[in-house]
Amino acid sequence: MIELSGVHIVSGSFALTDVAFSVPRGAYAVLMGRTGSGKTTILEAICGLKRVVAGDIRFAGENVTQLKAAERGIGFVPQDGALFRSMTVREHLEFALEIRRWDKPRRHERVAELAAMVGVEHLLDRGVVGLSGGETQRVALGRALSFRPAILCLDEPLSALDDESRQEMIELLKRIQRDTGVTALHVTHNRSEAERLADVWLRLVDGKVVDVSSDAVSSDAR
Amino acid sequence: MASNDSPAPRHRVGSDRWFYGCLILLGGSYIVLILLTLLADGVYVLMEIFLHGQWPAVRNVLVSEEIWYATKLSILSSTITTVLALWVAVPIGYLLSRFKFPGRALLDAILDIPIVLPPLVIGVSLLILFKTGGVISNAIAEKTGIELSMPIDFPYAIPGVILAQFLVAAAFAVRALRLAFDEIPFRKEEVALTLGCTRGQAFWRVVLPEARGGLLAAATLTWARSLGEFGPILVFAGATPMRTEVLPTSVFLQFSVGDLVGAVTISLGMVLIAVVVLVVVRVFGHRDLAGRALR
Amino acid sequence: MKPRFGVVAVASISVIAVAAMLLTRPATSGDEQETLILLYGAGLREPVREIIDEYQREFPNVRVDVIPSGTGQLMAKVLAGEKGDLFLGADSSYVDKAYEKGAVAERLAVARQWPVLSVRKDSKLSIENVQSLLQSGLKVGLGNPGGPAIGKASQGILERAGIWKQVKAAVENHGVFKPTVQELANDVKLGTIDVAILLDGTVAQHPELKSIPIDEKINEPLHISIGVMTTTERPSRALHFARYLTAHDRGLKNFAKYQYDVIDGDAWADVPELSLLSGGILRTAISDTLDEFERREGVEIVRNFNGCGILTSSLKAGGEADAYFACDVSFMTQVSDLFLDPVNVSQTRMVIAVPKGNPRGIEKLSDLAREGLKIGVANAKQSALGALTEQLLARHELLDAVMKNVRTQLPTADVLVTQLQGPNSGTSLLDAVVVYEVNALRAPRDVDIIYIAEAVAPAVQPFAVARRSKHPHLGKRLLDAIRQANSKKRFEDNGFVWMHGGQE
């Protein structure tokens, strides 16, 4: 589903060369690596937020390297949520649908569905200032999934959560992925998250992505 | 454990009272100075009225058609200036906040010019600009027969008042808005992009609403700046009563004819207007923002 | 909130439009209201305020707005083309400069004021003369030399006293230079300075202050004067106010109240009438100028054109007139006790006019004595021309010989010229007449001009204002108008020779 080949990304003084990996359809891939190793940069490149100097990014065989972020159809859950302070929870869930000019009844239906899915029904008409960390991530997740993307990119979505919320979120992510069949790419540096979620386990070491799914469980590969 | 026989002697610290005392003293002296000047204005007028029988002088100001016109002109011209300034300052502020491009430092420096130039110089320069413009358009008219004429009069006219205010106030609006945009993480715009927005949609639907507070601050700053603008207006737009006289000009005119009571009365009026407007804006702005957060 | 570019744009434009509408409305709903803008030297505040109040009460459809400031600064504004109607300066030198630079059209004198030393009435200081300003520790205030008129005047006084440098240093050290005389007065009043050089009229506006005169040997009065700015769009209204301000029974009373040494002003009249006696010869030269003057000043000129002998006689007989524009100085001198300082405006030569082609071959003065000629001259008793002709002929001992040929003596020269034009071409009633060049030039198709070499003394036309006129200043302004460039051209077009600011 997601295929990177020979991807070359420059970000300031930092560059990744010849990044290549693939995530099969419907898989939950976790990309691990040290802080500053460029995990987020790769995610941004996939989302279309960072220009790729060379190489191809393909979604289901289609080359999307030159497509705009808006055209790639990826749900993006950034670190800390990056919610819009001027909007209510409902407006977050509706935002992408409104941009896509869905009509009102369809939008309402979808919002109700999403709210139930991520568990924010009781928050719908609240503003987002003052939401807890878990609630924030649920809203961000709902927003990213609202327009039924085929791919979901998550950038350390659980890093700022307390243990209890983290457990809840992991369950939620698993369930959603199972229910929707979305192909997920989850960036984290937390090992236990990876162990709980990963179908495909990727590691970013010295600028190269390595698939360690086969030996992940046994080895303690760094 | 290491070989420490006795526990380290307790680290003693002095009282924090000094710190708080200094904070209050240094900061407070400025606040007190501001309040004292206002208080002095008020006391002076009251004393002149009740002890020196100067009520007629105060009344003259209050019933003066010129002063009421100046008040109206001040408020309306500042409002127009604010709207115009925001239209210019939003794009420049956003540009400076989001993009790195060659000449950015130069642009930044140019935007400082209206802030650092003496107000009088701005007025004189505007006057010269229009003089030169007139000379050039006359020359063009002579050579080619094409009459290039300004559809509206600027020097010594109301549009001149607004232009003079705009030139200075817009620079302040840019500064304020740039800070406001700086505070909004770019990540939010990126998220909006992944959700299907164009850059324009992301700006209008995410950035601008989120910059409300900054816009409001920029607007009040611009408005207050324009209300107090004096030097360039005096030079470029003149001080014609019932035409281009704004409140600061009125204060100056009253002062220059030795009518101190009148000058102070108008000054107090300006303080009142400024306070009312700022309070109204703050209250409404905050209520709106707070309301959204709690809904 | 879903901001839309269009919505925000429309909202912005409507805010501006509403504000602009609110700002322009008063201008359109002015119904016939006229507004004057008066720039005045701030030191004249009280009388000016009173005069404006009274004027607006008397003429409620006029509003006078003021821009007070230091006279020097006002002059700078006037020279820079600031819109306004009137410029009332604390000293005429500023108004004169604006006049020379073409920024002021008419100037009207108002009053004199004197620089004085001023302290608080309760001051214990011993200030006797300008030397007292040098006392150490004294806080002295002066007007800025470039600002108010008193600034320049103070500098002059102190320079004449030889202490300018010292006083200037003292002021710079612990005194103050101020841009208007009122601000100085305020400073003395508030005690921030001990003593200042002010103007006596300004001191009189502040009951807390007293003035100490300055030695007249080093002092000079300032002449307050008001000028009509050339940027004005309503000159008659501006002049109306200026006349009001300088009328002895209107504005000058207010100035006098504050101890200004006012001029002997005109009497007030909403539309003053000015009666003018003028030699008939001048009619075509001055008529347009008189019309223009009437329109600009908003006055009426009652004109009386006639032979100057007749006019002078009527004056001698007690006839009233505000001004007299005589055909020759000889007539003015006969009534000089009635008029003030005549000014010679123009002159014209005597010539011999003959029918076109000069059928009798007249070439010089003595030819007029030839047998059988029919000659016309002007009446010596009734006209300047006649008297001058008689003098000329007598001087050349031709009087008797020519008088034999004289068929007609008329009071005005124009009629003599018409006598040359016969009922049919080639026939004429007279063979030659002695007239002014001006008269002869009016019939170029019918008349040839023979210049008289012997005529050394041309006729000179003086203008004078009557001593008893109720509007002497208005009369003087009429003279000013007559001496302007466009009037000069009219005189020259009519054959007069312009006299450069000629005195009597």
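Couple of notes before you dig in:
- Only one of the numbered conditions (1) on the phi > 0 side of the Ramachandran plot; (2) surrounded by 16 or more Cβ atoms within 10 Å (Cβ to Cβ) is violated by C:S313, and that is (1).
- Residue check, C:E492 in contact with a strand residue (DSSP E or B) (Cβ under 9 Å, 6 or more places away or on another chain), modelled with pLDDT under 90 and under 30 Å from C:E106 (Cα atoms): yes
- The residues of region C:163-195 that are under 16 Å from B:F255 (Cβ atoms), charged (D, E, K, R) and either touching an Asp or Glu at 6+ places or on another chain (Cβ under 8 Å) or not in a helix (DSSP H, G or I) (or both), listed by number, are C:K178, C:K189.
- Residue within region B:171-184 that is in a helix (DSSP H, G or I), within 9 Å of chain A (Cβ to nearest Cβ) and under 21 Å from A:V77 (Cα atoms) present: no
- So A:F147, is it in a helix (DSSP H, G or I), surrounded by 17 or more Cβ atoms within 10 Å (Cβ to Cβ) and aromatic (F, W, Y): no
- Of all the listed residues (C:A111, C:A90, C:A105), the sole one being touching a Ser or Thr at 6+ places or on another chain (Cβ under 6 Å), touching a residue at least 60 places away in the same chain (Cβ under 8 Å) and away from chain B (no Cβ under 14 Å) is C:A105.
- Helices (runs of 4 or more DSSP H) contained entirely in region B:188-270, each with at least 1 residues that are surrounded by fewer than 21 Cβ atoms within 10 Å (Cβ to Cβ) and without any contact (Cβ under 8 Å) to a residue 60 or more places away in the chain: B:199-202, B:212-228, B:247-256
- When C:V335 is tested against (1) surrounded by fewer than 16 Cβ atoms within 10 Å (Cβ to Cβ); (2) not assigned by TED's automatic domain parsing to the domain that holds C:P444, exactly one condition is not met: (1).
- Taken over region C:355-366, the criterion of being under 13 Å from C:E454 (Cα atoms) and either modelled with pLDDT under 85 or surrounded by fewer than 16 Cβ atoms within 10 Å (Cβ to Cβ) (or both) is satisfied by C:E363, C:K364, C:S366.
- Qualifying residue in region B:18-32 (condition: surrounded by 11 or more Cβ atoms within 10 Å (Cβ to Cβ), part of a helix (DSSP H, G or I) and among the aromatic types (F, W, Y)): no
- Extreme residue, nearest to C:D65 (Cα to Cα), among residues of region B:233-276 that are at pLDDT 90 or above and of a type outside the set (V, I, T): B:L247
- Residue among A:A29, A:A20 that is touching a residue at least 60 places away in the same chain (Cβ under 8 Å), more than 13 Å from chain B (Cβ to nearest Cβ), in a strand (DSSP E or B) and surrounded by fewer than 20 Cβ atoms within 10 Å (Cβ to Cβ): A:A20
- Flag for A:E94 being of a type in the set (D, E) and either touching a Lys or Arg at 6+ places or on another chain (Cβ under 8 Å) or surrounded by 21 or more Cβ atoms within 10 Å (Cβ to Cβ) (or both): yes
- Elements of the type helices (runs of 4 or more DSSP H) sitting completely within region C:1-100 and holding at least 3 residues that are within 30 Å of B:W87 (Cα to Cα), at pLDDT below 90 and touching a helix residue (DSSP H, G or I) at 6+ places or on another chain (Cβ under 8 Å): these cover C:5-28.
- Search result, residues across region C:264-308 that are in contact with a strand residue (DSSP E or B) (Cβ under 7 Å, 6 or more places away or on another chain) and either closer than 19 Å to C:E54 by Cβ or acidic (D, E) (or both): C:G265, C:D266, C:A267, C:W268, C:V271, C:E273, C:E294, C:E300
- Candidates C:L199, C:L209 - the one that is in contact (Cβ under 8 Å) with a residue 24 or more places away in the chain and within 12 Å of another protein chain (Cβ to nearest Cβ): C:L209
- Residue count for region C:361-419, restricted to those that are touching a His at 6+ places or on another chain (Cβ under 8 Å) and among the small types (G, A, S): 1.
- Only a single criterion out of (1) without any contact (Cβ under 8 Å) to a residue 40 or more places away in the chain; (2) more than 25 Å from C:E82 (Cα to Cα) is not satisfied by B:I113, namely (1).
- Between A:A15, A:A45, the distinction of being within 21 Å of A:H189 (Cα to Cα) and assigned to a strand (DSSP E or B) belongs to A:A15 only.
- All positions within region A:58-78 that are more than 10 Å from every other protein chain (Cβ to nearest Cβ), hydrophobic (A, V, I, L, M, F, W, C) and closer than 19 Å to B:G196 by Cα: A:F59, A:V64, A:L67
The rows are residues; the columns are (1) touching a Ser or Thr at 6+ places or on another chain (Cβ under 9 Å); (2) more than 9 Å from chain B (Cβ to nearest Cβ); (3) surrounded by fewer than 19 Cβ atoms within 10 Å (Cβ to Cβ); (4) β-branched (V, I, T).
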residue: C:A17; (1), (2), (3), (4): no, yes, yes, no
residue: C:E34; (1), (2), (3), (4): no, yes, yes, no
residue: C:I37; (1), (2), (3), (4): yes, no, no, yes
residue: C:E46; (1), (2), (3), (4): yes, yes, no, no
residue: C:Y55; (1), (2), (3), (4): no, yes, no, no
residue: C:A80; (1), (2), (3), (4): no, no, yes, no
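- For C:Q135, the criteria (1) surrounded by 14 or more Cβ atoms within 10 Å (Cβ to Cβ); (2) at pLDDT 90 or above hold in every case but one, which is (2).
- Residues satisfying the stated conditions in region A:124-144, i.e. surrounded by fewer than 18 Cβ atoms within 10 Å (Cβ to Cβ) and either under 28 Å from A:S192 (Cβ atoms) or more than 12 Å from chain B (Cβ to nearest Cβ) (or both): A:S132, A:G133
- Contacts under 8 angstrom Cβ, first residue in region C:484-500 being in contact (Cβ under 8 Å) with a residue 12 or more places away in the chain, partner of a type in the set (G, A, S) and assigned to a strand (DSSP E or B), 6 or more apart: C:F491/C:S346; C:F496/C:S346; C:V497/C:S346; C:W498/C:S346; C:M499/C:S346
The values are calculated or read from the model by the stated rules, or taken from the named source; none is laboratory data. Predicted model only: the values in this text are computed from it and were never measured. FYI the Cβ positions are ideal-geometry reconstructions off the backbone, even for glycines, and counts take in every protein chain you see.
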